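To start, the structure under review is shown below, and the notes come after it.
The values are calculated or read from the model by the stated rules, or taken from the named source; none is laboratory data. Since the model is a prediction, treat every value here as computed from it, not as a measurement. Here the Cβ positions follow ideal geometry from the backbone for every residue, glycine too, while neighbour counts run over all protein chains shown.
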Amino acid sequence: MPKTRRVQSLALTMTMLVFPACFMSGCEAIQQGMDAIKNTTEGVLWQKEEVRVVSGHDPRAYQKIALVSSSDVPLDGDEGLSEDVEAIVTNQLIDYGYQPINRSSVEAALDEIEIGDSGLTDGQAVQIGNFVQVPGIVVAKITGVRTIQERSRTSTTSDIKSEVTVTLKLINVETLAVEWNGRNRGTVSGRDAYSEAVEKATEDLARSIPTLLPRITIESSPSDASIFVDNAREGTTRSTIQLDSLDPVEIRVERTGFTSETKTIEPEDGKTYTFQLTSELDMTGTPSESESEAAEPAPEPSENPAS
């Protein structure tokens, strides 16, 4: 039998075996199989909670940045969800060292653009970026809002859940290229719990935005010395550390048997800072000859006095 017919025959046989079992078990086997297929096909787009970054992307080129939020779906009675998304993303951008321009400038640009029922387009986002004179614009969108009713397998009741899908992307205003983008959905229990769902989806996604915060490398001679950044231990030399601020930091390196060294630095991303530790034995030095003589005890008197 040809290979294709054997595969088709096997599929038909499996179907004949599964459906009788389905009728006896409430079709749970079929449902589980469909869930597995759904998770597999949607895994990259729906389950991934981080943005995908294009090769060669340099976050430092986008320190000054604009952010605009919109929705591709009706938000009847939930118009504040877009503002929630914008607030969460703005705070994360600031924490990562970006400088988002103020909202009033973006609103002034929006007043000049007619946004259709389908929501903000990439072209319109680029117009806003040009209007406010930034190299890149982050577009945050709500692309899905729904209520899910799932039948419980352990009882006759149904589980009600609220689900919101959020997308983020950074568009280069000059080239129109998408530098990074991602999508995530937040699902929480309860009807009309969209605020909590949008918070979950956005926070998880925003945390994966490329950071502007500097990564520095600390090395020492000798190596295997403890590193302290503003008195918090951060491993041993040689190590690369992601700082949580652009502000100057105090770096202290210490190792048992050596004097510690402390430097206050203005961190530069990618830079290596070297610490030279001195042995405490070298600091003590070797006693001089006169010091050795002075340290020698005086001779004890003889037990037999001279006659």
Within the range 204-235, tally of residues that are within 30 Å of Val54 (Cβ to Cβ) and assigned to a loop (DSSP other than H, G, I, E, B): 8
Residue in the range 236-243 that is at pLDDT 90 or above, assigned to a strand (DSSP E or B), in contact with an Asp or Glu (Cβ under 7 Å, 6 or more places away or on another chain) and under 30 Å from Gln63 (Cα atoms) present: yes
Test: residue in the range 154-166 that is closer than 18 Å to Val51 by Cα, in contact with a strand residue (DSSP E or B) (Cβ under 9 Å, 6 or more places away or on another chain) and aliphatic (A, V, I, L, M): yes
Given (1) under 17 Å from Asn181 (Cα atoms); (2) among the acidic types (Asp, Glu); (3) at pLDDT 50 or above, number of the condition Glu83 does not satisfy: (1)
Residue in the range 118-125 that is crowded, with 19+ Cβ neighbours inside 10 Å, at pLDDT 95 or above and among the hydrophobic types (A, V, I, L, M, F, W, C) present: no
Filter result for the condition that a residue is at pLDDT 95 or above and among the small types (Gly, Ala, Ser), over Ser158, Ser226, Ser189: Ser226
The range 91-108, subset outside any loop (DSSP other than H, G, I, E, B) and β-branched (Val, Ile, Thr), residue farthest from Lys64 (Cα to Cα): Val106
Selected residue (criterion: surrounded by the fewest Cβ atoms within 10 Å (Cβ to Cβ)) from residues of the range 75-108 that are within 19 Å of Asn130 (Cβ to Cβ) and of a type in the set (Val, Ile, Thr): Ile101
Condition check for Gly270: out of contact with any Cys (no Cβ under 9 Å at 6 or more places or on another chain), at pLDDT below 95 and farther than 30 Å from Ile65 by Cα: no
Yes/no for Ala29 being under 28 Å from Asn181 (Cβ atoms) and either of a type in the set (A, V, I, L, M, F, W, C) or at pLDDT 85 or above (or both): no
Filtered residue count, the range 134-160, keeping only those that are surrounded by fewer than 18 Cβ atoms within 10 Å (Cβ to Cβ), of a type outside the set (S, T, N, Q) and closer than 16 Å to Leu81 by Cβ: 2
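Here's the yes/no breakdown for (1) surrounded by fewer than 15 Cβ atoms within 10 Å (Cβ to Cβ); (2) under 30 Å from Val139 (Cβ atoms); (3) within 17 Å of the chain's Cα centre (by Cα); (4) of a type outside the set (A, V, I, L, M, F, W, C):
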{"residue": "Glu174", "(1), (2), (3), (4)": "yes, yes, no, yes"}
{"residue": "Arg185", "(1), (2), (3), (4)": "no, yes, yes, yes"}
{"residue": "Ser189", "(1), (2), (3), (4)": "yes, yes, no, yes"}
{"residue": "Glu203", "(1), (2), (3), (4)": "no, yes, yes, yes"}
{"residue": "Pro210", "(1), (2), (3), (4)": "no, yes, yes, yes"}
{"residue": "Thr217", "(1), (2), (3), (4)": "yes, no, no, yes"}
{"residue": "Ile227", "(1), (2), (3), (4)": "no, no, no, no"}
